[in-house]
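Please treat every number below as a calculation from the coordinates, not as lab data. From a predicted model like this one, the values you see are computed outputs, not experimental measurements. Using ideal geometry, Cβ is built from the backbone for each residue, glycine included, and neighbour counts are taken over all protein chains shown.
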Amino acid sequence: MTKFTKLAVAALFAFAVVSTTASADVAKGQKLYSKKLKAACGFTGAKFAAKHTQDEWAALKESGKIGEEIATLCPGAKFKDKWADDIFDFANEYASDSGNVPSC
């Protein structure tokens with residue numbers, strides 16, 4: 001292989017590793033919901049995520065209003081903004097139009 005090809009492969013591998021590490025996690029979002037929000041919401045994670053479609057959850061994330069929506073759905077819940085990406089991934093994975101059902 002040429003030096004350029006080796007460099008391109010190394011860069012692609014590094015990008016894949018970094019992007020995987022930096023991304024949010026569905027399992028972490030499910031765990032956060034179960035431990036921190038489920039009691040305040042009063043319903044399972046399946047019902048929580050099914051409150052919106054994947055497009056609606058994406059729109060809430062893009063507008064930065066996931067925290068406000070959680071406050072609406074779960075009055076009294078103490079939501080921290082640092083949870084937003086993980087909760088979004090969880091809700092998006094199990095949204096009403098996803099066909100997936102969480103175990104919580």
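Observations on the structure shown:
- The HN-Hα couplings worked out from phi for region 25-35 by the Karplus form 6.51 cos²θ - 1.76 cosθ + 1.60 (θ = phi - 60°) are 9, 4, 5, 5, x, 5, 5, 4, 4, 4, 8 Hz, whole numbers, x standing for Gly and Pro.
- Extension gain from E62 to A27, taking 0.36 nm per residue of separation minus the Cα-Cα distance: 10.5 nm
- With neighbours defined as other Cβ atoms within 10 Å of a residue's Cβ, the residues I70, I87 order from fewest to most as I70, I87.
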